[in-house]
Each structure stands twice: as structure tokens, then as C-alpha cells.
1. Hey, among the residues in the stretch 240-281 that are more than 25 Å from the chain's Cα centre (by Cα) and among the charged types (D, E, K, R), which one's farthest from GLU412 (Cα to Cα)?
2. Take the conditions small (Gly, Ala, Ser), more than 23 Å from TYR358 (Cβ to Cβ) and either at pLDDT 95 or above or surrounded by 19 or more Cβ atoms within 10 Å (Cβ to Cβ) (or both) and apply them to GLY286. Does it pass?
3. Looking at the stretch 98-129, which of the residues that are β-branched (Val, Ile, Thr) and outside any loop (DSSP other than H, G, I, E, B) is surrounded by the most Cβ atoms within 10 Å (Cβ to Cβ)?
4. Somewhere in the stretch 393-413, is a residue among the polar types (S, T, N, Q), outside any loop (DSSP other than H, G, I, E, B), in contact with a Gly (Cβ under 9 Å, 6 or more places away or on another chain) and under 30 Å from THR241 (Cα atoms)?
5. Could you grab me the full set of residues in the stretch 452-481 that are within 24 Å of GLU424 (Cα to Cα) and either of a type in the set (Ser, Thr, Tyr) or surrounded by fewer than 18 Cβ atoms within 10 Å (Cβ to Cβ) (or both)?
6. Just name the residue that is nearest to the chain's Cα centre (by Cα) out of those in the stretch 126-149 that are among the charged types (D, E, K, R) and closer than 28 Å to ASP235 by Cα.
7. Within the stretch 46-80, which residues are under 13 Å from SER126 (Cα atoms) and more than 28 Å from the chain's Cα centre (by Cα)?
8. Check the stretch 434-441 and report whether any residue there is outside any loop (DSSP other than H, G, I, E, B), modelled with pLDDT of 95 or more and either over 19 Å from ARG231 (Cβ atoms) or touching a Cys at 6+ places or on another chain (Cβ under 6 Å) (or both).
Amino acid sequence: MADPKGFLKHGREVPSRRAVAERTQDWNEVYPDGIGRALLPIISTQAGRCMDCGIPFCHQGCPLGNIIPEWNDLVWRDDWEGAIERLHATNNFPEFTGRLCPAPCETACVLGINQDPVTIKNVEVSIIDRAWESGYVRPQPPEWLSGKTVAVVGSGPAGLAAAQQLTRAGHTVAVYERADKIGGLLRYGIPEFKMEKKHLDRRLEQMRREGTVFRAGVSVGTGELTGTRLRERYDAVVLATGSTVGRDLDVPGRELDGIHQAMEFLPQSNRVSLGEEVEGQITAEGRNVVIIGGGDTGADCLGTSIRQGAASITQLEIMARPPEQRPEGQPWPSYPMTFRVSSAHEEGASLGVQSRVYATSTTEFLGDEQGRVRALRVVDVDERFQPVPGTDREIPAELVLFAMGFTGPEREGLVEQLGVDLDERGNVARDGQYAASVPGVFVAGDAGRGQSLIVWAIAEGRAAAAAVDTYLTGSTTLPVPIPPTARPLTV
């Protein structure tokens, strides 16, 4: 274990972000020189707070089954190479999860019962950032080739994790991505201020050197490469297309200009922040912006709108404001619904341009003479989401962004051509081994699970890879990080 008395001697400490006035003028990560470097002065002490708790419930909280106490101990002992080896044993991409995961491991930390939990997420990202700088992250090409071929459709975290595992198992793997660059939502959905794309690019280079083939700009299911031809060409197919159909809001005025899904707005901004030109870009500059949805995607829209120079930003959430502390009905070690302040919320409050409004529902979009949105009509709702009489009001808005989540994968094209069954929620149905209803087709991540966390996507990509390896060769040496979590195959 780490310092036996560490949790008694030291409190929880997190790194300081760059000043709001500075960081909102650029698109770089919010920490000085990156979070890994910002953490180094404090991280060994924080790792030393990990307790000898007997049963580490952080394992239960982490879908990847990360061996957290062991790499905490190695960091405290200054064995950084050992720490990254232990971390990579369960997680292909800790530089992604260490920046983007909401850290359910921390809410399951035993220390968190009556103190602030260990800063597990910060230790994780420190390990991988130092490992890259020290040259501890090396390609791991397979020792032999199986002669089997696998197509992975989708290059988000689930697809990349499956591809890396299958390549290392000796299969010839091609990853297809319809966007012009590999990375899925990691590249075009996550703003640069949350994760700079250099972290993605260097991991992709490692995968190329291991033998994974990337085919960007290919929309499987359209043109010549249909689902049928893909299945004929490859010995197995992994669907990792994600849950990409945005939840809509069918109220009067929805057809007005200026109302967009978050995933229309964020990818354009990401491209521009990386130096590309986007014709007809959707921008918040000088506008009153309303973001409908209070989750992480909404916060991404908020931080982006601030950097684009919005006049005002209102974030609406239909749920009531969550409590500051863990609710009684959500006891440890469950993941509680509590009030959280992201870096974007910190910026909005500091600059005085943002307000968060809870327990509010939109009833109508109001337009001007040119057919553009000019305001929302909203009403407060009670705990049953019923309108509260006398609370109708208007909120000015020249740009409205939907950040209400996603309803499932796109059915037209690839899914229909493969002929796979869907479950009752519209996701691709799969059995306990991640196999779809069509032989040789497997499903990983949000395409089968539904909208979820990046850590679940990586875990399912790893588990699906083990299932594919077994299907192709009769057995597998690939680790299965979690018990099969796919729902039974249903139509």
C-alpha cells in the first residue's frame, strides 16, 4: 500500500486551473502546461492518501476494473514505469479517461465515506502524461499474424480500444471512420480546452506502428462499401458507431433558423480552433445563447460559446437543482447526483455571462420576421414535470443548442444493410458476448449500450475484442476487463 498514514496527514488537493481571463482567450487545456505537469508537485502526496481498505470499492466503481490501489502505491514510491504498466493492463487510453471520465471510482472510494476521496482521476492522468514524456509508452506489435481480418466501424473510444486489442492479438484490423480524420467524438465532439488533440494523435501513431490500418473519410453503408460487402470482405465486423441520433424537442417553432443540435455546433468549433475553415459556421459570437440540457455536452457548448464571445448564455435543465452533498437515497458507493461545477461553469460565473436554470421546460420557440429564433417561452415544472401556473416567461435567444443526449445509433444505411436486430430502445441488440443477431457481427460501446461514459466505451471495446478473438480462433488470451455487460439479445 501507499503511505499507511497518508489519509490522516493530508487532505484532498487538486491542481489550479489557469485564470479565467487568460484561458477563455484561447482553446488550450485549462491547466497550465497540461494537467499532468500541473499535478506533479502534489500527486505523490495525493497517491499516498490511498488506504489499505481491505476491499477496494474503487474497483467496483470503475467499469474497466482499474487496479487503482496498486498504481497509487507505485506512484507514491516514485515507480512511474511500474505505474503505467499496471495502468495499461486494464486501460488502453488513460490519457482520455484521465481528462474526460466523471470518475465513478472516486465516489466509490472507501475514504469517501467520511472524508474527501482520493484524487484517483488526477493520479491516473499524471501517470500517463509522465509515461509519454519518459518514453514508457511504446508500440506493441503482435508476435505473429493470425490471417484473420476484422473491420471496426467507428473510431471513437470503443472502436479504438477494440482495434488495438485485436491488432495486438495478431489479427489484421481496419478502422473505418466517416469523418475526414480518425477519432470520432474524441476529435470533433470534445472541445480542445478539455482535451488537446495531440493526446489523441500520438496514441493513433502508436496504433499505426502496431499495425492497425485507419481508413478515414469512408462512410460505410453508402456508395460501394455496403454493409453486405463489408461482411463478405472481413472475417468479423465490430460495430462501434456510437449513439449519434440527438434527442430533439418537438414544440412549436422548432423549424426556426438558429436552433441546432450540439453536435452540429461543437464539431465546427473544434475544426476552427484547430486552424480549419468552416463555411457558414454556427457561432455564438454576439448572440444570446440558450443551451437546453445540463450535462457534460451542455457544459462543452457553454465553454465554447464563452470563447466565441456570446453576449449571454442560459443553460436550461428540466430536472431540479441537485443537492451539494450526496443524497440520502444514493448512499456510498453508488454514483450520486450532486451539483457539479465544470471549468466552463466556473468561467461563465466568473465572467457574468452565464446562468443555470433548473426545473424549467421549453414550451415554444418564438421567431422574428426573417424566420430566425428570437426567444424561448419557458415554464417552471414541479417534481412530476408538470407546469407550475403563473411561471410562463420568455428568454431571449438568437442561438439555441440542444444538448439533451442521444437516442441511439443511426439505422439507415449500415445497420439496415447488415440486417442486425435492434433492442427495445433502438440500440443494436447483442448477447452476453457482444455478438449481434448476424453471425460475425459484434457491437461495442454506445451503439449497443446506449449513451454512456467514455470509460464504459473503452471497457466494452476491450471485452468485445476478446469475444471476437474467441470467435475467430476458438479461444483468447486477451483480458476481459468486466463480466459481459451486454443485455440479452432481444428484438
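The values are calculated or read from the model by the stated rules, or taken from the named source; none is laboratory data. In this text the structure is predicted, and so the values were computed from the model without any measurement. Cβ atoms come from the backbone with ideal geometry, glycine included; neighbour counts cover every protein chain shown.
1. GLU277
2. Considered against the rule, which asks whether it is small (Gly, Ala, Ser), more than 23 Å from TYR358 (Cβ to Cβ) and either at pLDDT 95 or above or surrounded by 19 or more Cβ atoms within 10 Å (Cβ to Cβ) (or both), GLY286 comes out as yes.
3. Filtering the stretch 98-129 for residues that are β-branched (Val, Ile, Thr) and outside any loop (DSSP other than H, G, I, E, B), the one surrounded by the most Cβ atoms within 10 Å (Cβ to Cβ) comes out as ILE127.
4. Filtering the stretch 393-413 down to residues among the polar types (S, T, N, Q) leaves 407.
Add one more test, that the residue is outside any loop (DSSP other than H, G, I, E, B), and what stays is none.
For the stretch 393-413, residues among the polar types (S, T, N, Q), outside any loop (DSSP other than H, G, I, E, B), in contact with a Gly (Cβ under 9 Å, 6 or more places away or on another chain) and under 30 Å from THR241 (Cα atoms): absent.
5. SER452
6. Of the residues in the stretch 126-149, the ones among the charged types (D, E, K, R) are 129-130, 133, 138, 143, 148.
Keeping just the survivors that are closer than 28 Å to ASP235 by Cα gives 143, 148.
Details: GLU143: 32, LYS148: 30 Å.
By that ranking, first place goes to LYS148.
7. The answer is TRP76, ASP78, ASP79.
8. no
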